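K.L.:
Got a structure for you, written out below as structure tokens; questions coming shortly.
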Amino acid sequence: LCGFLLCLVFFLPQVLNEKKLQEVDSLWKEFETPEKANKIVKLKHFEKFQDTTEALAASTALVEGKLSKNLKKILKKIVAKDAHEQLAVADAKLGGVIKDKLNLSCIHSPMVTELMRGIRSQIEGLITGLPSREMAAMCLGLAHSLSRYKLKFSPDKVDTMIIQAISLLDDLDKELNNYIMRCREWYGWHFPELGKIITDNLAYCKCVRKVGDRTNFATSDVSDILPEEIEEDVKAAAEISMGTEVSEEDINNIIHLCDQVIEISEYRTQLYDYLKNRMMAIAPNLTIMVGELVGARLIAHAGSLLNLAKHPASTVQLLGAEKALFRALKTKRDTPKFGLIYHASLVGQTNTKNKGKISRMLAAKTALTIRYDALGEDTNAEMGAENRLKVETRLRHLEERGLRRISGTGKALARTDKYQNKSEVKIFDPSGDSMLPAVSKKRKIQEVEEQDAEVAVKAKKFKAEMK
């Protein structure tokens with residue numbers, strides 16, 4: 001018996017000649033024509049679905065290796081009568097589920113794969129009364145429904161929007177830097193002092209767009225853009241500027257460039273707010289742990305939130321540092337301790353010595369929050385807040401460890417004793433200047449003879465005691 005889900009029906013054929021199935025390599029010859037196929041298998045049962053939704057539910061259950069209600073009823077009703085026979089299944093996982101729940105003997109082998117392929121090729125000859133055009137239309141409709149289900153499209157959880165938003169945000173930052181650098185350099189020929197006085201790029205472009213030529217600064221009011229002190233410095237510098245004179249056409253082009261910078265900056269602010277709202281809707285716990293920008297970059301690097309949830313904590317820690325990791329492994333040097341997670345606020349506020357420890361712990365807690373966001377049903381951010389509190393507590397403990405006194409318990413805080421001057425006045429020793437020995441190392445002949453006599457007397461006494 002072989003089980004099939006075909007378009008909008010369950011198709012259950014029965015094998016007639018099992019001897020020919022033993023020749024796996026030549027089994028395809030038995031399915032060259034519908035007549036030959038009918039000699040090998042015949043229709044055992046035919047079950048029609050009510051609609052496409054029911055067919056989709058059955059197909060998704062088979063894809064995921066689960067036993068649907070309809071298939072369970074059919075197997076209980078039809079196959080239970082022939083319990084002595086084996087049920088051929090194309091998916092070993094599904095066969096295990098059927099065996100556990102229905103106690104039916106299932107078989108999965110290369111022979112079964114070839115048999116399924118042959119039945120598929122001659123399906124129109126095995127089932128009569130189904131026109132080929134209707135069969136093709138039903139197959140296409142079910143395929144579209146199954147593909148749509150696999151994509152798991154949901155307007156609430158669309159991480160593709162996050163990936164596109166963070167990529168666009170990075171591109172906008174690069175373009176803004178290029179535009180602003182070009183604007184400062186271009187207008188700097190006319191008013192070079194302005195670049196040193198106004199450090200904020202957006203305020204710089206707004207001033208240039210509003211005033212234009214530097215001679216207009218004396219009569220223009222830029223108090224809505226700059227503070228009073230900086231405005232006075234700008235007007236004073238405009239009167240004694242060393243810049244060259246430019247034409248009105250040049251000023252118009254510079255102003256047009258400033259308009260572009262301001263528009264892109266405003267759009268970037270709007271895009272950042274959109275990304276923040278999206279991250280709080282899709283991955284609130286991840287956002288609380290590492291921030292919306294780092295979280296979005298992790299999702300973009302992994303491809304999706306579900307792919308990121310499949311990564312272990314060690315991989316999350318090193319995401320973005322793959323080149324450095326493989327270079328370190330190749331040259332047998334120290335591997336990197338962090339990747340994209342380095343830009344998280346918790347790692348940034350740690351001293352250099354503890355960055356590796358904090359990044360490792362942060363990656364472990366972040367991996368938990370990612371799985372909770374991707375696979376959990378709740379949308380609250382309590383888990384992320386709890387894990388962030390744990391990491392902050394650990395960070396505080398590591399920073400305070402250097403201030404604690406080394407003792408038996410290690411809990412007592414370091415105490416500062418009262419300062420006392422313990423310096424002593426040392427006197428120079430003149431004997432160290434002399435390189436000659438104080439006493440002659442050579443012994444006199446008389447001392448040597450006395451020592452030899454003492455040794456001889458001791459030896460005689462020892463021999464007398466031994467006798």
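K.L.:
Measure up 73/99; 42/66; 44/99 against 22 Å on the Cα-Cα distance and list the ones that go over. Could the numbers behind the result be given before it?
P.N.:
Numbers: 73/99 14 Å; 42/66 26 Å; 44/99 20 Å.
Pairs exceeding 22 Å: 42/66.
K.L.:
Something else about it: Amide H neighbours of residue 106 under 5 Å, counting only residues 5+ apart in sequence or on other chains, H built in-plane at 1.01 Å?
P.N.:
87
K.L.:
On average, how much accessible surface per residue is there in the range 283-401, in Å², for a 1.4 Å probe, leaving out ligands, DNA and RNA? Don't skip to the answer; put the middle values down first.
P.N.:
Details: 6370 Å² over 119 residues.
Per-residue accessible area for the range 283-401 comes out at 54 Å².
K.L.:
Run through the range 245-291 and list the GluC sites (Glu not before Pro) located in a DSSP loop whose Cβ has at most 15 other Cβ atoms within 10 Å.
P.N.:
245
K.L.:
Report Rg(Cα)/(2.2 N^0.38 Å) for the range 211-261, keeping two decimals. Don't jump to the answer; show the numbers that get you there.
P.N.:
Values: Rg = 11.8 Å, N = 51, 2.2 N^0.38 = 9.8 Å.
So the Cα radius of gyration is 1.21 times the expected 2.2 N^0.38 Å.
K.L.:
Which whole-number value in Å² is the accessible area per residue of the range 157-274, probe 1.4 Å?
P.N.:
58 Å²
K.L.:
Moving to a separate point now. Say the cut-off is 21 Å between C-alpha atoms; which of 48/77; 276/355; 69/93; 69/310 go over it?
P.N.:
Values: 48/77 15 Å; 276/355 26 Å; 69/93 17 Å; 69/310 30 Å.
As for pairs spanning more than 21 Å Cα to Cα, those are 276/355; 69/310.
K.L.:
Please label the shape of the range 157-274 as rounded, prolate or oblate, based on the square roots a ≥ b ≥ c of the eigenvalues of the alpha-carbon gyration tensor (a/c under 1.5 means rounded; beyond that, a/b larger than b/c means prolate, else oblate). Don't skip to the end; give the middle numbers.
P.N.:
Details: a/c = 2.93, a/b = 2.14, b/c = 1.37.
In terms of gyration-tensor shape, prolate.
K.L.:
Cross-link partners among aspartates and glutamates for residue 365, C-alpha distance below 12 Å, same-chain residues fewer than 8 apart left out?
P.N.:
Straight-line reach from residue 365, under 12 Å: 386, 392.
K.L.:
Can you pull the one-decimal nm distance between simple spin-label points at residue 351 and residue 280, each 7 Å off the Cα toward Cβ?
P.N.:
So the label points at residue 351 and residue 280 sit 3.6 nm apart.
K.L.:
Could you tell me what percent of the accessible area of the range 157-274 is made up of carbon and sulfur, with a 1.4 Å probe and every protein chain present?
P.N.:
Carbon-and-sulfur percentage of accessible area, whole number: 51.
K.L.:
Which of the trypsin sites (Lys or Arg not before Pro) found in the range 104-200 are loop residues per DSSP with 10 or fewer other Cβ atoms within 10 Å of their Cβ? Please list the in-between numbers first.
P.N.:
Values: sites: 117, 120, 133, 148, 150, 152, 157, 174, 182, 184, 196; in loops: 152, 157.
When the trypsin sites (Lys or Arg not before Pro) of the range 104-200 are filtered for loop state and at most 10 Cβ neighbours within 10 Å, 152 remain.
K.L.:
Within the range 157-274, what is the number of lysine pairs with alpha carbons under 27 Å apart, leaving out pairs fewer than eight places apart on the same chain?
P.N.:
Lysine pair count for the range 157-274: 8.
The values are calculated or read from the model by the stated rules, or taken from the named source; none is laboratory data. Since we're looking at a predicted model, the values are computed, not measured. Reconstructed Cβ throughout: ideal geometry from the backbone, glycine too, with neighbour counts over all protein chains shown. The area values use the complete protein model at the heavy-atom level, side chains included, leaving out ligands, DNA and RNA. Shrake-Rupley method; radii C 1.70, N 1.55, O 1.52, S 1.80 Å.
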